[in-house]
1. What does the highest-first list of 175-188, 94-107 look like by mean Cβ count within 10 Å?
2. Classify the stretch 42-191 as rounded, prolate or oblate from the Cα gyration tensor: take a ≥ b ≥ c as the square roots of its eigenvalues, call it rounded if a/c is under 1.5, otherwise prolate when a/b beats b/c and oblate if not.
3. What distance in nm separates the two pseudo spin-label positions at residue 168 and residue 105, each 7 Å out from Cα along the beta-carbon direction?
4. I want to check the label-to-label distance for residue 150 and residue 54. Put each point 7 Å from Cα in the C-beta direction and report it in nm to one decimal.
5. Give, in nm to one decimal, the length gained when the segment between residue 182 and residue 129 is fully stretched (0.36 nm per residue of separation minus the Cα-Cα distance).
6. Please work out the FRET efficiency for the pair residue 98 and residue 43, using the Cβ-Cβ distance as r and a Förster radius of 25 Å; give the result to the nearest 0.05.
């Protein structure tokens, strides 16, 4: 082996050691785009309850699963039974803000179960603020991709669906609720519950 070959071999050996030592350190973990991140303040929202799996019913809620805005598991809408009021809203929706006090008061009565769906909302942190500021003390789901648009014929928020004890959507109110009396009357007429 001549001097030049030996020097070349040593060079390759040193280069291999340098490269091997570079690969031995673990880089700092960085969140990926698919890693879910908690939304600030979401822990102040009512958690989504686990719902037992049930067969879908004709004219029931769509067979779609949505993640919880606060804590808790995803909810499959087809599993829901009433009496239940489902309100579709978004923090950017002015009429949703107008009707929020009526929904908050109905929820406080404890006469019916309530569920909110934050719809097509690009700002989950503002959605959390909206729900907490308005006192919407019931579970909320997130439908950022408009999964319920076609089955519930959502033209835009607000929309309020009334679900009976059998899981049938007995009525859908499209647009803003204009008074507590209107909401309470709908609950009584459609669900047979006096708030």
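1. Details: 175-188: 15.7, 94-107: 18.5.
The most tightly packed comes first, giving 94-107, 175-188.
2. rounded
3. Simple spin-label model gives 3.0 nm for this pair.
4. For residue 150 paired with residue 54, the spin-label model returns 2.5 nm.
5. Full extension of this stretch gives 16.5 nm more.
6. Working: r = 27 Å, r/R0 = 1.09.
Calculated value: 0.40.
Taken together, the values in this text are just the output of simple stated rules run on the coordinates, not laboratory data. Note that the structure is a prediction, hence the values are computed from the model and not measured. Note that each Cβ is placed from the backbone with ideal geometry, even for glycine, and that neighbours are counted across all protein chains shown.
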